[in-house]
Amino acid sequence: MAIANATDGAIVSATKASASRWPSLIESLLAIAAVAALLPSFERLAASDLGRDGRFAGAAIAIGGLPPRVLPGLCASYGASAEPIVRDRLCRHSSVSSAGTVPAILPQSLVNTYAEIGRAFQRPLTEAERRRSDLRLQQREGLGDLLALDGAIESIDAEIEPYVERYALGSGETGQPRPVACAFEKVSTSLARNDASALERGESAKANALLLLGGALDGHGATASVAAAVLLPAQSRSTDRNCGTLSLADTLGGAASIMGEARETRLHAAKDEAMRELLRTAGWQWAGWMIVGLALLKLSRRRGVALTGVALALVVWALAAWVGRVPWPLGADRAFEPARQAGAVLELPAPYVLGLVGAAALALSHPYGLRSVRPRARKRLRPGSATPASSWRPASDG
């Protein structure tokens, strides 16, 4: 009788377990069918990866090789000598040491930064000239279609002319944008002056000019407003044929605007490229992570896997960020920090990806998380054993 009862109970349990799997199976099949039905719709995104009106086409020329920001070093050396408004607006995130003597010449860090900026702006022009030379050589030697070669040369000119006009590179021999060259020369001249007018304005005016020049070369957005509100060194009345009669404050503001735009082009180019890649692969990314999300949902319905599920979810989304090159959304100064660089498969991922993996390891290392990983020991009844339904026993005679 006990064996028959045990067999009947096992059959009933197996029937219930089989019946409970059907809703989950139907749910999975319906979800996969929905993904398969919607996946072809993403082909329209892949076909128009430039976006509406070409908004993700990117700039024709992105300026690369710009030097690191020079302002933090200047703030540390000369920030204490400048006016409080200059320190508050330009050196807010930099350490400021004790007041030092402002030199009569520009610091070497500014000179090196200025030279690197010139090389960065001239690099696209040099590359364009090299391509023109190659095409003209092919024309002279009769290689290829002459009309096609003429069209290629004209396309190079059409690409370079807006670049030269946009950054005012057409005049001067320094290779710098005209506002940048004017700001550099004006500040350099003002530091070298030691006449009565220069002595009257004091060291703070020169320190202001140094920090504002650093802010202009870094493209700091507050440079123009600060330059218009503080005391600057006296300027000579002579006019330069390239700089005209612009004041030092106006020149610094113009240089900051040019450099801010130049530094932004590289950032925008990286964002546009990442967006085009996302549009090309959006369908497969969406389908893959929908299936992964469904698997995590089913895992969450089990008992005793809370921390294990959290750890697995963190690892999965870290992997999703790494595969999809998802940028860190809380970057400072509008920085663009993807989970990995384009083509850098073997390099370390971004710090926030490593942080997600570390959080997953921490969740698993918790004692409760370790217990949820181990299989639970289940008590089973031995065949033929029975549990007494009551502890009553008949009294013995006598």
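Bear in mind that the values in this text are calculations on the coordinates, not laboratory data. Everything quoted here is computed from the prediction, not taken from an experiment. Glycine also receives a Cβ, built like all others from the backbone with ideal geometry; neighbour counts cover every protein chain displayed.
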(request) Treat each spin label as a single point 7 Å out from the Cα along the C-beta direction, and report the residue 287 to residue 76 distance in nm. (result) 5.3
(message) Need one number: nm distance between label points at residue 47 and residue 357, each 7 Å from Cα along Cα→Cβ, rounded to one decimal.
(response) 4.0
(request) Set the Förster radius R0 to 41 Å, insert the Cβ-Cβ distance between residue 278 and residue 94 as r into 1/(1 + (r/R0)^6), and round the FRET efficiency to 0.05. (result) 0.70
(message) What distance in nm separates the two pseudo spin-label positions at residue 245 and residue 143, each 7 Å out from Cα along the beta-carbon direction?
(response) 5.5
(request) Grab the beta carbon distance between residue 192 and residue 134, set R0 = 51 Å, and tell me the FRET efficiency rounded to 0.05. (result) 0.70
(request) For residue 295 and residue 263, compute 0.36 nm times the residue count separating them, minus their Cα-Cα distance, and round to one decimal in nm. (result) 7.2 nm
(message) Apply the Karplus curve 6.51 cos²θ - 1.76 cosθ + 1.60, θ = phi - 60°, to the phi angles in the stretch 141-158 and return the couplings in whole Hz, x for Gly and Pro.
(response) 8, x, 9, x, 6, 5, 5, 5, 5, 4, x, 5, 5, 5, 5, 5, 4, 5
(request) Determine one quarter of the surface area of the Cα convex hull of the stretch 71-262, which equals its mean projected area, and express it in nm² to one decimal. (result) 12.3
(message) In whole Hz and in residue order, list the ³J(HN,Hα) couplings for the stretch 111-128 that follow from phi through the Karplus curve 6.51 cos²θ - 1.76 cosθ + 1.60, θ = phi - 60°; x for Gly and Pro.
(response) 5, 5, 4, 4, 5, 5, 5, x, 5, 5, 6, 7, 4, x, 5, 5, 5, 5
(request) Return the sequence-ordered ³J(HN,Hα) values of the stretch 349-354 in whole Hz as given by the Karplus equation 6.51 cos²θ - 1.76 cosθ + 1.60 applied to θ = phi - 60°, using x for Gly and Pro. (result) x, 5, x, 6, 5, 4
